[in-house]
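Notes follow once the structure below has been shown.
The values are calculated or read from the model by the stated rules, or taken from the named source; none is laboratory data. Quick caveat: nothing in here was measured; it's all calculated off a predicted structure. Note: ideal-geometry Cβ built from the backbone for every residue, glycine included; neighbour counts use all protein chains shown.
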Amino acid sequence: MKFQRLRGTDDILGSQARLWQKIEKVSHNLFSSFGYQEIRTPIIEPLKLFERSIGETTQIVEKELFQFQDRSGRDICLRPEATASIARAYIENRLFQKAGLTKLYYLGAMFRAERPQKGRKRQFHQVGIEAIGSSQPELDAEVIYLAKLFLDKLELKDYLIQINTLGCREDKKEILAYLAERLKDNLEGFCSDCKQRFSRNPFRILDCKNSSCRENLEKLNINFQEAICKECLQHYQEVKELLSHLKVEYSEERRLVRGLDYYTRTVFEVSGSGLGAQNAVGAGGRYDNLIEEMGGPAVGAIGFAFGLERIALLLGEEEEELSPLDVFLVLQNREYLKLALSTVMKLRQEGLYVEMDYQGRSLKSQMRLANERNARIVLILGREEFEMGGFSLKYMESGKQIWVSKEDLISTLKGD
Ligand code: AMP
């Protein structure tokens, strides 16, 4: 029987895995330096958590959740994103009792039953941050600045940051009314999905990737900013001024909305060239009511998430090199296996990158392997070496061979 991985899932290996490690390392270092602490939440959560927070009429909840009943009939799902889980954890662990902002970051697998294509997987991975406890515009600016710095640290080029405001909860009701009014007699040219979205959640029409729907929106000159209150416009204005002050380049995209219900005020999206149709590499926004609606205190919050697969696609060409092998130990005679093994372990403890053969190869074939692995030094252990209490040491580049005693081995290897 032959097993294959499920559609929309990947094995990450070789140079890709090294690239992922690089992205993870940059994440840990950068987010910590901004005062964010790592949080790891469960991969399975109650289904209701996402229905309530993301919204029952959103694409993710309607069509994309991996959900099931456990053996006791409880409704469970694999998390499709992390913000709702982190809001739950913030409330459940009473993180609001600490003074100041709660700043958290995460890395992990997310699951959405989407149609797989380049950059769109069913199991994908996100790295993101959440800053909970403030509604001030300076936090929006700092979070967007951090998103930009993250990409810069990864040396990712040619990305574009788009921003917009959705207004507050009340404004969003106004926007819905505005959209209903503007679209109700103009649905003709929209796709069948959008026609359905109109009655369930008109916001989603603005998110449609279909080019004729986009053209129609352009023609209709849909501009929901007029439904946004003075305070929210002022907030948006301050965010933009602070971004300019911090030298973050952005463009305003007045029809940018995010596919989840909980977003309010500032939303943003980062796109990269070279990703094809799935060009969003990261996105984020404010969610000023979510924590309260989930039973926590009334605190503002904002966060973002980047997709590791898409970052890796953008960085894909530059392969992270394997570090070169310091030493390959060649064992001439299996009689001395114990000494060979303990020597390899000792050298590794000293921080040297050491390999030996584990497949019972001949001497010649071990030498060939050492060559293929590009070892700097080959240590040879045979009868003569064993009896004299040392090793023959060969520098592969020059071909020079010397004798080294057991006692001098580490200092010789490290000194060279
Ligand atoms: P979202 O949570 O939909 O705002 O997505 C944030 C980021 O996660 C996107 O910009 C992508 O980089 C990534 N992402 C979302 N869905 C997928 C998916 N199905 N496959 C791969 N990456 C994804």
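The residues listed here are 270, 257; of these, the one that is farther than 21 Å from residue 193 by Cβ, in contact (Cβ under 8 Å) with a residue 60 or more places away in the chain and of a type in the set (Val, Ile, Thr) is 270.
Counting only strands (runs of 3 or more DSSP E) that fall entirely inside the range 53-122 and contain at least 3 residues that are free of Cβ contacts under 8 Å to residues at least 12 places away in the same chain and within 9 Å of the ligand (Cβ to nearest atom), no element qualifies. Evaluating residue 310 against the criteria (1) in contact with a Gly (Cβ under 7 Å, 6 or more places away or on another chain); (2) over 20 Å from residue 53 (Cα atoms); (3) away from the ligand (no atom under 16 Å from the Cβ) leaves one unmet condition, (3). Among the residues making up the range 374-401, those that are touching a strand residue (DSSP E or B) at 6+ places or on another chain (Cβ under 6 Å) and among the charged types (D, E, K, R) are 385, 394.
Residues checked against (1) away from the ligand (no atom under 16 Å from the Cβ); (2) at pLDDT 90 or above; (3) buried (at least 18 other Cβ atoms within 10 Å of the Cβ); (4) farther than 30 Å from residue 116 by Cα:
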{"residue": "253", "(1), (2), (3), (4)": "no, yes, no, no"}
{"residue": "263", "(1), (2), (3), (4)": "no, yes, yes, no"}
{"residue": "267", "(1), (2), (3), (4)": "no, yes, yes, no"}
{"residue": "273", "(1), (2), (3), (4)": "no, no, no, no"}
{"residue": "280", "(1), (2), (3), (4)": "no, yes, no, no"}
{"residue": "283", "(1), (2), (3), (4)": "no, yes, yes, no"}
{"residue": "287", "(1), (2), (3), (4)": "no, yes, yes, no"}
{"residue": "297", "(1), (2), (3), (4)": "yes, yes, no, yes"}
{"residue": "302", "(1), (2), (3), (4)": "no, yes, yes, no"}
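Quick check: is even one residue across the range 291-304 closer than 20 Å to residue 16 by Cα, of a type outside the set (A, V, I, L, M) and in contact (Cβ under 8 Å) with a residue 12 or more places away in the chain? No: the range 291-304 contains no residue that is closer than 20 Å to residue 16 by Cα, of a type outside the set (A, V, I, L, M) and in contact (Cβ under 8 Å) with a residue 12 or more places away in the chain. Here residue 333 does not qualify as at positive phi and at pLDDT below 95. Screening residue 235 against (1) surrounded by fewer than 17 Cβ atoms within 10 Å (Cβ to Cβ); (2) away from the ligand (no atom under 16 Å from the Cβ); (3) farther than 29 Å from residue 188 by Cα; (4) of a type outside the set (Asp, Glu) leaves a single unmet condition, (1). Look at residue 144 and say whether it is touching a helix residue (DSSP H, G or I) at 6+ places or on another chain (Cβ under 8 Å) and closer than 30 Å to residue 29 by Cβ. Yes. Among the residues of the range 207-232, those that are surrounded by 15 or more Cβ atoms within 10 Å (Cβ to Cβ) and modelled with pLDDT of 95 or more comprise 228, 232. Do we have any residue at all in the range 128-138 that's of a type in the set (Ser, Thr, Tyr), surrounded by 18 or more Cβ atoms within 10 Å (Cβ to Cβ) and more than 30 Å from residue 11 (Cβ to Cβ)? Yes, the range 128-138 contains at least one residue that is of a type in the set (Ser, Thr, Tyr), surrounded by 18 or more Cβ atoms within 10 Å (Cβ to Cβ) and more than 30 Å from residue 11 (Cβ to Cβ). Which residues, taken from the range 373-396, are farther than 14 Å from residue 409 by Cβ and part of a strand (DSSP E or B)? The one that is farther than 14 Å from residue 409 by Cβ and part of a strand (DSSP E or B): 395.
Residues are listed down the side, and each one gets a yes or a no for (1) in contact (Cβ under 8 Å) with a residue 24 or more places away in the chain; (2) out of contact with any Phe, Trp or Tyr (no Cβ under 7 Å at 6 or more places or on another chain); (3) part of a loop (DSSP other than H, G, I, E, B); (4) away from the ligand (no atom under 16 Å from the Cβ):
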| position | (1), (2), (3), (4) |
| --- | --- |
| 128 | yes, no, no, no |
| 134 | yes, yes, yes, yes |
| 148 | yes, yes, no, no |
| 157 | no, yes, yes, yes |
| 163 | yes, no, no, no |
| 174 | yes, yes, no, yes |
| 185 | no, yes, yes, yes |
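Every condition in (1) touching a Cys at 6+ places or on another chain (Cβ under 7 Å); (2) under 14 Å from residue 83 (Cα atoms) is met by residue 265 except one, and the failing one is (2).
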